[in-house]
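Take a look at the structure below.
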Amino acid sequence: MKRVIVGLSGGVDSSVAAYLLKQQGYEVIGLFMKNWHDDSVTISDECPWLDDSNDAMLVAEKLGIPFQTIDLSEQYKERIVDYMFNEYEKGRTPNPDVLCNREIKFDVFMKIALELGAEYVATGHYCKKGIIEKDGRTVYQLLAGEDTNKDQSYFLCQLSQAQLAKSLFPIGELTKPEVRKIASEIGLTTADKKDSQGLCFIGKIKLPDFLQQQLKPKEGLIVEVPKEIETYSETVSEFSSTEEKLKYLSRKIDYNVNSGRIVGKHQGAHYFTKGQRKGLAVGGTAEPLFVIDTDVEENVIYTGQGKDHPGLLKKALFVTNKELHWVREDLALAVDQTMTVKARIRYRQPLENATLYKVESGLYVEFEKPQSAITEGQFVAWYQKEELLGSGIIS
């Protein structure tokens, strides 16, 4: 009877994960993580963590497993919320869900679980774990979930071998409808509960209100950049090296107020992100306006009409060594090595053909087709077949 601690979130996925582990003969304990105290920024009037905590408790009762709540709000604020503010302030767009898994669920939470004598920590993620032997050593694989529509491997793209060694993903082989069916058959209160929205553990938040707690509103200009500007049409036919070409393809275009015309005002460039369409409050354009870049220093937002605006499209991106992570450390590239992969720059994006190029200062990812709204601060993750090999923060 190996002891497993399940992160019971009050949702259907972790509920069924706990049930399946109990069926498999594990000694299961349910732990609910309370990570947030400030209800002033959540959208709904209900208190989501309280409802979730009650649901988790009812599930534990139904399954006959011990249950307790742990308060990790201090660590959550320090590692996730402060990091988010910091990134937005720098004009980058963080992904709190990926960080929450790396820093909270599979680090702080996992350490507590292991101190409680657990062999493993289990979550309700739609992904799978593989185990292979290589050169006499055990190597853990992070594999996509069976349900391609719900695969959550991307959110776990920053996990390490040590974290994977102690992780279990009981529902990775199932589809969402199958998970709901099991929950319904055994009479769990969470069977028909809607999937949670918004920020990992906090629920649905008003992002501008949330950011305004730290980042003060500051009026600035919205500039519309036409598709025809010279920068977009210039082509360089010869490069002295592959690295020079990749540097060019992944470069950040320098816009200024004279790159287009002023079409409106905003309350702070740090509230906006590349590819964003809502919240600009500028009308009268033939096609919708999208954010193509933000300048937090000058507090200017650059926009372009239509989702095929050349300012949105790019063929390559760069990850610095400091922000480069290999789940499969044994496959990490050495300088000048390349690897053919499938990659994605956001959750739910279909995997795209790409090539990795390792250089002295980091790693380039060159896509076969131009990608829309490659955003600094977000994660790029790369796969071979169904296995996620590594990831990095787009710089």
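The values are calculated or read from the model by the stated rules, or taken from the named source; none is laboratory data. Everything numeric in this text was worked out from a predicted model, so none of it was measured. Don't worry about glycine lacking a Cβ; one is built from the backbone with ideal geometry, like all the others, and counts go over all protein chains shown.
Against the conditions (1) of a type in the set (Val, Ile, Thr); (2) at pLDDT below 95; (3) under 18 Å from THR375 (Cβ atoms), THR235 satisfies every one except (3). Selection of the range 289-301 for residues being of a type outside the set (A, V, I, L, M), crowded, with 18+ Cβ neighbours inside 10 Å and more than 22 Å from ILE393 (Cβ to Cβ) yields only PHE290. PRO208 falls short on exactly one of the conditions (1) out of contact with any Asp or Glu (no Cβ under 8 Å at 6 or more places or on another chain); (2) at pLDDT 95 or above, and that condition is (2). Considering the range 92-106 alone, what residues qualify as being over 21 Å from LYS166 (Cβ atoms) and modelled with pLDDT of 90 or more? Across the range 92-106, the qualifying residues are ARG92, THR93, PRO94, ASN95.
Condition first: buried (at least 16 other Cβ atoms within 10 Å of the Cβ), assigned to a loop (DSSP other than H, G, I, E, B) and of a type in the set (Phe, Trp, Tyr). Can you find one or more residues in the range 267-281 that meet it? Looking for residues that are buried (at least 16 other Cβ atoms within 10 Å of the Cβ), assigned to a loop (DSSP other than H, G, I, E, B) and of a type in the set (Phe, Trp, Tyr), one finds at least one in the range 267-281, hence yes.
Across the range 15-29, the number of residues qualifying as crowded, with 24+ Cβ neighbours inside 10 Å and either touching a strand residue (DSSP E or B) at 6+ places or on another chain (Cβ under 6 Å) or not assigned by TED's automatic domain parsing to the domain that holds LEU188 (or both) comes to 3. Count of the range 52-78 residues, restricted to those that are buried (at least 20 other Cβ atoms within 10 Å of the Cβ) and of a type outside the set (A, V, I, L, M, F, W, C), is 3. Exactly one residue out of GLU238, GLU228, GLU224 is closer than 23 Å to LEU363 by Cα and among the acidic types (Asp, Glu), and it is GLU238. With respect to ASP308, determine if the residue is surrounded by fewer than 22 Cβ atoms within 10 Å (Cβ to Cβ), without any contact (Cβ under 8 Å) to a residue 12 or more places away in the chain and closer than 27 Å to ILE229 by Cα. Against the criterion (surrounded by fewer than 22 Cβ atoms within 10 Å (Cβ to Cβ), without any contact (Cβ under 8 Å) to a residue 12 or more places away in the chain and closer than 27 Å to ILE229 by Cα), ASP308 qualifies. Taken as a whole, the condition of being closer than 22 Å to TYR19 by Cα, buried (at least 19 other Cβ atoms within 10 Å of the Cβ) and among the β-branched types (Val, Ile, Thr) does not apply to THR175.
Take the conditions (1) modelled with pLDDT of 95 or more; (2) buried (at least 20 other Cβ atoms within 10 Å of the Cβ); (3) farther than 30 Å from SER395 by Cα; TRP49 misses just one of them, which is (1).
The helices (runs of 4 or more DSSP H) falling completely within the range 54-145 that include 2 or more residues that are out of contact with any helix residue (DSSP H, G or I) (no Cβ under 9 Å at 6 or more places or on another chain) map to 73-76, 82-89, 109-115. Among residues of the range 85-99 that are free of Cβ contacts under 8 Å to residues at least 40 places away in the same chain and not assigned by TED's automatic domain parsing to the domain that holds ALA269, those with a Cβ under 9 angstrom from a residue that is in a loop (DSSP other than H, G, I, E, B) and among the charged types (D, E, K, R), sequence gap 6+ or separate chain, pair up as ASN86/ARG92. For the range 161-195, the set of residues classified as over 19 Å from GLN384 (Cβ atoms) and under 19 Å from the mean Cα position of the chain (by Cα) consists of GLN163, SER167, PHE169, ASP195, listed by residue number. All conditions in (1) in contact with a helix residue (DSSP H, G or I) (Cβ under 9 Å, 6 or more places away or on another chain); (2) assigned to a strand (DSSP E or B); (3) surrounded by fewer than 19 Cβ atoms within 10 Å (Cβ to Cβ); (4) not acidic (Asp, Glu) hold for THR340, with the sole exception of (1). Go through (1) at pLDDT 95 or above; (2) surrounded by 16 or more Cβ atoms within 10 Å (Cβ to Cβ) one by one and return the number of the condition VAL257 breaks. Going through (1) at pLDDT 95 or above; (2) surrounded by 16 or more Cβ atoms within 10 Å (Cβ to Cβ) one by one, VAL257 breaks only (2). When THR355 is tested against (1) crowded, with 19+ Cβ neighbours inside 10 Å; (2) in a strand (DSSP E or B), just one condition goes unmet, and that condition is (1).
Is it the case that some residue within the range 269-277 is assigned by TED's automatic domain parsing to the domain that holds LYS358 and among the aromatic types (Phe, Trp, Tyr)? Within the range 269-277, none of the residues are assigned by TED's automatic domain parsing to the domain that holds LYS358 and among the aromatic types (Phe, Trp, Tyr).
The residues in the range 324-337 that are surrounded by fewer than 17 Cβ atoms within 10 Å (Cβ to Cβ) and either under 18 Å from ASN95 (Cα atoms) or of a type in the set (Phe, Trp, Tyr) (or both) can be counted, and the count is 0. With respect to (1) among the polar types (S, T, N, Q); (2) buried (at least 17 other Cβ atoms within 10 Å of the Cβ); (3) modelled with pLDDT of 95 or more; (4) in contact with a Lys or Arg (Cβ under 9 Å, 6 or more places away or on another chain), the lone exception for GLN152 is condition (4).
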